[in-house]
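Readers should treat all values here as calculations from the given coordinates under stated rules, not as data from a laboratory. Values in this document were obtained by computation on a predicted structure and should not be read as measured data. Backbone-built Cβ (ideal geometry, glycine too); neighbour counts: all protein chains shown.
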Number of protein chains: 2
Amino acid sequence: MLRAAVTLADEVGIDALSMRSLAQRIGVVPMALYKHVANKEELLDGMVDVIVGDIDLPTPGADWKAAVRERVLAARASLLRHPWAARVIESRTSASPVVLDHMEALVAAFRAGGFSVDLTHHAMHALGTRMWGFTQEVFPTPAQPADADARAAMLGRFAARYPSIVEMASTTGGCDDQFEFEFAIDLLLDGFERLHQQGWTSAERS
Amino acid sequence: MLRAAVTLADEVGIDALSMRSLAQRIGVVPMALYKHVANKEELLDGMVDVIVGDIDLPTPGADWKAAVRERVLAARASLLRHPWAARVIESRTSASPVVLDHMEALVAAFRAGGFSVDLTHHAMHALGTRMWGFTQEVFPTPAQPADADARAAMLGRFAARYPSIVEMASTTGGCDDQFEFEFAIDLLLDGFERLHQQGWTSAERS
DNA sequence: ACCTGAACACCGTTCAAGT
DNA sequence: ACCTGAACACCGTTCAAGT
């Protein structure tokens, strides 16, 4: 049933996944779903487990940096197969065993690399949702008028008000999401490494 | 009307904010709202504008690092007043002028600091939702049984399976969210600064 | 022309009636 | 005891009827 829910969400989107539509897909009466899950939240929990469970386990034995990097990129690979998954993961209120397994592996990697408990804790927070392999896309496109002339006029006004954004958008073409993700994760990992080598302790709170 | 929507969401939560409940609060018939907004999405857009518009503008003239830091922390201060706002911001599909103003100011700060267009672009991506002052909380607590004995037994099994998480959770008491946020933003800003000083160019893609 | 009540096409979930 | 259809309490939005 969870697998069916995942593939249905892949096909029709998470908004169109309802208890009723899922039941119809499986060929059962809606109420029959409540034999397997207590409510829709539990269904979503189970769907997250399916995706997180699909994360390919990285090769063990690597140093902490490679281990964390590989695991996070593996999570990303799994997440990318299901565009709706990021939003669902964020909306979860409690962690399932599968979710905790992933986090335990990351925490353990830092600790095995000699990180203090404190620095590990801060590193995990700094990773944030990136530990699941996604970043919220925050370059939304403003609404575009259909008329070509109107669009050109709008672009002019836009460039006048937001010169730096336009410069950036026109210089860099489309974004390479994978590159941006790796750029950010490597920046963070390098930062963690530097703090670790400097013997960072929480006493250094500014 | 937008202000009323914001305060209603503050009071009853974003899930309980419906076109119908908002209309009732204002004392109008539900359909009357559609004189002001085309649909609920437009209402949410407007609510985001109210919150982003409340961001206290930082003192101009500071260097790029202080300017970005101040602006991001100012965004955080505004966001913290409305716990539901983070989720709504993430769900927006198009940027309003107020949203673009905030982004323009950040991009302009990097450029004024001498950052290349490319590095600015990557830095904005690396900031991600942190430019709005929030991080997705990703330390969800597992479901806890009410019975005390059952809870103790569960904790034992938990510690056996997730030793590193338990070590981390028990060493660091509750999380200081503000500290974690500043830790991460400073790590990123330091990373940006280092790359900038090294004359980073996108040719260095690994 | 403007406003608005009823209606439509959905939800998740409860519950009582049927087997 | 188990299953399930109808019903309940909601949604956002359409639309036609009333002013």
Which residue, A:TRP84, A:ALA62, A:GLN24, has the largest displacement toward the positive end of the dipole of the range A:1-154 when charges sit on each Cβ (Lys, Arg +1; Asp, Glu -1)? A:GLN24
With springs only between Cα atoms under 10 Å apart, run a GNM on chain A and tell me which of A:ASP186, A:ASP45, A:ASP149 wobbles the most. A:ASP149
Mean separation of Cα pairs under 8 Å and 6+ residues apart, divided by the residue count of chain B: what relative contact order is that in percent? 19
Which whole number gives the average, over all residues in B:85-98, of C-beta atoms from other chains lying within 10 Å of the residue C-beta? 3
Straight-line reach from B:LYS40: which lysines have a Cα under 26 Å away, not including same-chain ones fewer than 8 places off? A:LYS40
Quick check on the range B:52-141: what does the Kirkwood estimate of hydrodynamic radius come out to from the alpha carbon pairs, in Å? 13.8
Nearest beta-carbon to the A/B symmetry axis - residue in chain A, distance in Å: A:GLY191, 3
What aspartates and glutamates does A:LYS35 reach when the alpha-carbon gap must be under 20 Å and sequence neighbours fewer than 8 apart in one chain are set aside? A:ASP45, A:ASP49
If one builds a Gaussian network model of chain B from Cα atoms under 10 Å apart, the most fluctuating residue listed among B:VAL72, B:VAL117, B:VAL52 is B:VAL117
Treat every Asp and Glu Cβ in the protein assembly as shown as -1 and every Lys and Arg Cβ as +1, leave all other atoms uncharged, and give the resulting dipole magnitude about the Cα centre to the nearest 20 debye. 800
Between copies, how far does the label point of A:MET19 sit from its twins, in nm, shortest first, when each point is 7 Å from Cα along Cα→Cβ? 2.4
Gaussian network model of chain A, Cα within-10 Å springs - most flexible of A:GLY27, A:GLY191, A:GLY53: A:GLY27
Local electrostatic count, B:LEU8, Cβ distance below 15 Å [Lys/Arg +1, Asp/Glu -1]: +2
Rg [Å, one decimal], Dmax [Å, integer] - chain A, C-alpha atoms: 21.6, 61
Once the principal axes of the Cα atoms of the protein assembly as shown are found, what is the range along each, listed largest first in whole angstroms? 64, 59, 36
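Which value in deg cm²/dmol, rounded to the nearest 500, describes the helix-derived mean residue ellipticity at 222 nm for chain A, given -39,500 (n - 2.57) per DSSP H run of n ≥ 4 and division by the residue count?
-19500 deg cm²/dmol
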Would you mind getting the Kirkwood hydrodynamic radius of the range A:158-201 from its Cα pairs, rounded to one decimal in Å? 13.0
So the compactness index of the range A:1-82, its C-alpha Rg divided by 2.2 N^0.38 Å, takes the value 1.36
